[in-house]
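Structure first, then comments.
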Amino acid sequence: MDPNEPPKGYYGQTALQASSCNGHLAVVEMLLVAGAEVNAPGGNNGGRSAVVLASGAGYMNIVSRLVSAGADINYPAHPYAGRTALQAAAEGGHIELLRWLLKQGADINTPSAKNGGRTALQAAALEGHIDIVEILLHQNAYVNAPAARYKGVTALQGAAFGGHRRIVRQLLDAGADVNAKGAYYNGYTALSAASECGHCEIVRMLLDAGADVSLTSGNKRWTAAQIAIFRGQQAVTQIFQQTKQMEKIV
């Protein structure tokens with residue numbers, strides 16, 4: 001059998017990729033000895049290499065073995081929902097692996113994939129991994145990296161969408177742009193993201209930080225207030241009504 005039989009279909013994997021993402025170190029060793037291509041791409045949708053899949057799953061032993069065999073931890077993310085090894089580790093919340101990858105020279109600011117992509121900071125912020133966000137900010141991760149055009153988020157938008165209040169505060173203190181443009185497709189401003197999900201405290205935080213209530217986002221071009229009304233977020237809608245009344249008084 002060919003250890004480098006190509007992946008089949010949109011989401012296919014090579015044998016090395018399949019064993020790596022499922023934590024089978026003995027199989028990984030066997031395939032590498034047999035000549036498996038360590039940096040082979042996956043299927044057309046995602047195309048994640050073995051080291052990226054292992055990083056996302058948090059298998060430090062497999063990641064280190066693949067790197068020793070020549071895996072490129074800084075290989076650019078596949079355009080469709082791809083990740084680098086560091087982005088995958090940040091998304092999965094694997095803090096020790098993330099530290100190890102940084103020590104190996106992983107690029108903290110590699111751009112996100114064009115469709116559904118996340119930088120390492122965006123991924124950690126969206127998933128609520130506050131310790132990883134802190135590490136990445138300390139290591140000079142770009143806090144205002146733009147959202148991917150399709151289904152992307154900035155770090156602040158991701159934290160607001162996920163309701164991660166402490167991360168929102170961290171990012172604002174680090175200089176995150178409260179009015180950064182959202183993704184074209186299924187995108188949000190930070191205020192719209194918080195409004196969509198009914199995170200009232202974060203809505204107030206963003207308004208206090210200067211969030212512009214008139215901004216629209218996404219392909220529907222709705223304001224945060226319109227999104228709150230559509231989603232039935234009555235408490236958020238009341239905040240906007242009170243804000244509008246205060247503006248009239250001023």
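The values are calculated or read from the model by the stated rules, or taken from the named source; none is laboratory data. Note that this is a predicted model, so its numbers are computed, not measured. Here the Cβ is made from the backbone with ideal geometry for all residues, glycine too, and neighbour counts use every protein chain on show. Quick note on the areas: whole protein, heavy atoms, side chains included, nothing else; ligands and nucleic acids left out. Shrake-Rupley method; radii C 1.70, N 1.55, O 1.52, S 1.80 Å.
Take A123 and decide whether it is outside the structural domain of Q17 (by the TED database) and among the aliphatic types (A, V, I, L, M). The answer is yes for A123. Can you say whether A106 is within 11 Å of the chain's Cα centre (by Cα) and under 19 Å from L53 (Cβ atoms), as far as the supplied structure shows? No. Residues in the stretch 36-61 that are crowded, with 19+ Cβ neighbours inside 10 Å and of a type in the set (D, E, K, R): R48 alone.
Within the stretch 71-101, take every residue that is open to solvent by 40 Å² or more (accessible area, probe 1.4 Å) and at pLDDT 95 or above and give me the one that is farthest from A123 (Cα to Cα). Restricting to residues being open to solvent by 40 Å² or more (accessible area, probe 1.4 Å) and at pLDDT 95 or above, the top hit is D72.
Return yes or no: is G42 part of a loop (DSSP other than H, G, I, E, B), under 20 Å from the mean Cα position of the chain (by Cα) and over 27 Å from E134 (Cβ atoms)? Yes, satisfied. When A159, A209, A145 are screened for being buried (at least 23 other Cβ atoms within 10 Å of the Cβ) and at pLDDT 95 or above, only A159 passes.
The set of residues from the stretch 5-20 being crowded, with 18+ Cβ neighbours inside 10 Å, in a loop (DSSP other than H, G, I, E, B) and either within 24 Å of the chain's Cα centre (by Cα) or of a type in the set (D, E, K, R) (or both) comprises just one member, Q13. Among the residues of the stretch 111-135, those that are out of contact with any Phe, Trp or Tyr (no Cβ under 9 Å at 6 or more places or on another chain) and of a type in the set (S, T, N, Q) comprise S112, Q122.
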